[in-house]
Amino acid sequence: AAGGDGTAAGALGRVGVGRGGSGVGRAARGGPTGAVVGGYLAGSGWKEYRGRGTVCGIDLPAGLRESDPLPEPIFTPATKAEAGEHDENITFDEMVGHIAADFGGRKDLAGPLAEAIRDRGIRLYRYGAAVAGRRGILLADTKFEFGLIGQPTSPVDPGPPEERLDPPVSQPSG
């Protein structure tokens, strides 16, 4: 159910990637938030954890140290800042609110879409961390940008994502 099926999850769409890094995709409208997923306590998450014991409103076990691996990867959405500015970490509920604002206040669409973004982001992070780990590289966290294809009109189960994590064109591979 990719794209124009009228569902919140289907609006995420799919991208096909061929051998040699070539890709085929469809134009998409960017969402109002970024999808950050991490498996280690670092950066702004570490700063928040030291003060509150949470990261983006997610309770974490006591006693973690900077750069410790987390028990499970966490989804920590962020606003998209203007060029040169820093994104701001937000809670999942705040993310739903930002997405709802893009859909005229339709939280019935925003909730399932945010859940699909979160679930796909975590799956992609796990996949990327496994690929990187086999090459001796630690993937602390990564930010995904999901776009919308079409205009969703009803929420449904998103189904499995395309589990593909390739370097952006601007970054050398290998």
What number of residues in the range 24-54 are within 15 Å of the chain's Cα centre (by Cα) and closer than 15 Å to Ala140 by Cβ? 4
Looking only at the range 132-145, decide whether some residue is of a type outside the set (S, T, N, Q), touching a Ser or Thr at 6+ places or on another chain (Cβ under 7 Å) and more than 12 Å from Val37 (Cβ to Cβ). no
Would a scan of the range 109-131 turn up a residue that is modelled with pLDDT of 85 or more, under 19 Å from Val36 (Cβ atoms), in contact with a helix residue (DSSP H, G or I) (Cβ under 7 Å, 6 or more places away or on another chain) and part of a strand (DSSP E or B)? no
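Residues are listed down the side, and each one gets a yes or a no for (1) open to solvent by less than 40 Å² (accessible area, probe 1.4 Å); (2) at pLDDT 95 or above; (3) more than 30 Å from Ala27 (Cα to Cα):
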position	(1), (2), (3)
Gly63	no, yes, yes
Ala78	yes, no, no
His98	no, no, no
Ala101	no, no, no
Thr142	yes, no, no
Quick one: in the range 32-61, of everything that is open to solvent by 50 Å² or more (accessible area, probe 1.4 Å) and in a loop (DSSP other than H, G, I, E, B), which residue is farthest from Leu148 (Cα to Cα)? Pro61
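The values are calculated or read from the model by the stated rules, or taken from the named source; none is laboratory data. Computed from a prediction, not measured in an experiment: that's the story for all the values here. Quick reminder, even Gly has a Cβ in these numbers, built from the backbone with ideal geometry, and neighbours come from all protein chains shown. SASA here: full protein model, heavy atoms, side chains in, ligands and nucleic acids out. Shrake-Rupley method; radii C 1.70, N 1.55, O 1.52, S 1.80 Å.
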